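The next block holds one structure in the form of structure tokens; read it before the comments.
Please treat every number below as a calculation from the coordinates, not as lab data. Remember, it's a predicted structure, so these values are computed and weren't measured experimentally. Don't worry about glycine lacking a Cβ; one is built from the backbone with ideal geometry, like all the others, and counts go over all protein chains shown.
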Amino acid sequence: MSGSNITKQEELTHISSYVSKLIKSKFGKGPETCYTTVSDQYIVVHIKKFMTKIEYELVTKEDCATADKIRKNIMEDLLDPIQETLEEICNKRIIHLYQDWNFQKNTGTLLGVVNTEQKVEMENSLEFMLLRNEISKQSEFYQYQPNELDFTKIGDTIYIIRCAGYLLPIERMLIEKGRHILEERENKIRKRYDANIYRFNKIIKNEIRDIFMIWNYEIDESYKIFYCK
């Protein structure tokens, strides 16, 4: 797929098709739609309408936590081959490949973080300044502020916010003893962002359809992904 006669759109379509088929081979059911977007820093795959019968039963019983654990555990087996394919087709080295799922909306995302040798210029527009202020306000509610806050906009519909250096000393101790308390905080943060989504919509002058959140406690880094209309 790396030949000069292959267009960028064909490469992205190939990735989406590959991910969809791989998921179907593992779960017995694949997503209805799968859409891939690439930037200098990230490779993002947006997955829609994919749920197994067991997951559906758990969701109807309001047990999304168990459905999420099952999904992520099975998906772990697919992340390595997906990463290898992304690297081969896009000719980029990925340092991390993450997943997140929203069972209420039946959507999900895969986020590949690209190893970029050159420094990528960060957005400094008014829009991103306002987003930075709003995220800082949301962070204050949980009494933490990240040391680093980077923004990337891909096209007109995808915003990626990277935070680093946000863990408190006591939270580092919790990681060693178990993550259940941190997971409870994750759920509270997700709910708060959902409840305040109108504030972000007002800033970006668009409607956010999906918010995904990813935490990597080992390297003290997290990502928020906004998919807009």
Practice item. Add +1 for every Lys or Arg and -1 for every Asp or Glu among the other residues with Cβ under 12 Å from the Cβ of Tyr193, and state the total. Key: +3
**Study point:** Relative exposure of Leu182, Leu126, judged by other C-beta atoms within 10 Å (fewest first)
**Key:** Leu126, Leu182
Study note, to complete from the structure: Taking the dipole of the chain about the Cα centre (Lys, Arg +1; Asp, Glu -1; charges at Cβ), the one of Met75, Gln99, Thr33 that reaches farthest to the positive side is Thr33
Review point. Whole number please: convex hull volume per residue of the Cα set in the chain, in Å³?
Key: 137 Å³
Review point. What FRET efficiency would be calculated for the residue pair Ile181, Thr52, taking the C-beta separation as r and a Förster radius of 30 Å, to the nearest 0.05?
Key: 0.55
Check your understanding: So how strong a dipole does the chain carry about its Cα centre when Lys and Arg Cβ are +1 and Asp and Glu Cβ are -1, to the nearest 20 debye?
Key -> 780 debye
Practice item. Could you tell me which trypsin sites (Lys or Arg not before Pro) in region 31-67 are loop residues by DSSP with no more than 14 other beta carbons within 10 angstrom of their beta carbon? Key: Lys49, Lys61
Review point. Which of the pairs Lys72/Lys205; Lys21/Lys191; Lys48/Lys72 have their Cα atoms more than 25 Å apart in this structure?
Key: Lys72/Lys205; Lys21/Lys191
Check your understanding: Hey, with R₀ at 30 Å, roughly what FRET efficiency would Arg93 and Thr7 work out to, going by the Cβ-Cβ distance, to 0.05?
Key -> 0.85
Study note, to complete from the structure: Partner aspartates and glutamates whose C-alpha sits under 20 Å from that of Lys92, ignoring same-chain residues fewer than 8 away, are Glu10, Glu11, Asp40, Asp80, Glu84, Glu117, Glu121
Check your understanding: How far apart, in nm, are two points set 7 Å out from the Cα along the Cα-to-Cβ line at Phe141 and at Lys191?
Key -> 1.1 nm
**Study point:** When each of Lys8/Lys29; Lys202/Lys224; Lys26/Lys49; Lys105/Lys202 is checked by Cα-Cα distance, pairs over 20 Å
**Key:** Lys8/Lys29; Lys105/Lys202
Review point. Which value in deg cm²/dmol, rounded to the nearest 500, describes the helix-derived mean residue ellipticity at 222 nm for the chain, given -39,500 (n - 2.57) per DSSP H run of n ≥ 4 and division by the residue count?
Key: -15000 deg cm²/dmol
